1. Quick check on segment 77-86. Is at least one of its residues at pLDDT 85 or above, in a helix (DSSP H, G or I) and in contact with a helix residue (DSSP H, G or I) (Cβ under 6 Å, 6 or more places away or on another chain)?
2. Being without any contact (Cβ under 8 Å) to a residue 12 or more places away in the chain, not charged (D, E, K, R) and not in a loop (DSSP other than H, G, I, E, B) is the filter; apply it to segment 14-61 and report the residue that is surrounded by the fewest Cβ atoms within 10 Å (Cβ to Cβ).
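The values are calculated or read from the model by the stated rules, or taken from the named source; none is laboratory data. Predicted model only: the values in this text are computed from it and were never measured. Glycine also receives a Cβ, built like all others from the backbone with ideal geometry; neighbour counts cover every protein chain displayed.
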Amino acid sequence: MTTTETLLSIGDVSRFLNVPTHTIRYWEKEFRDFLSPSRTVGHQRRYTDEDVRKIRDIMRLLKNEGYSIAGARKILELKHKRGVSLPEGVNQPVSDEVAQKIVDIIKAQFHMAPVEEKSAVA
């Protein structure tokens, strides 16, 4: 973070994204490995531009694309992870192209899962 970067309060972020403050706080708890704003001496949250982008990503996955918290968490973990677990002794990062393909496959599985469950019951 640079010294000239603007830091926003939770109220500012709430108004900017039209998301209630209690929802932002809840998402921080649910996505703590992904979203962790800095705090002032008085423990008030301060959000960077990157934090706001992350909240937008969460909002898009949950509200627009209909993912559950768990599904959105998995997608964000894969999307932002630069490497994957490889066999012992192999330590190569995954390219962005491969990471995107993995994310696309997982998205397809999450979207297909409810359909498969419904058809299995019928």
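1. No; the residues of segment 77-86 include none that is at pLDDT 85 or above, in a helix (DSSP H, G or I) and in contact with a helix residue (DSSP H, G or I) (Cβ under 6 Å, 6 or more places away or on another chain).
2. Across segment 14-61, the extreme among qualifying residues is 22.
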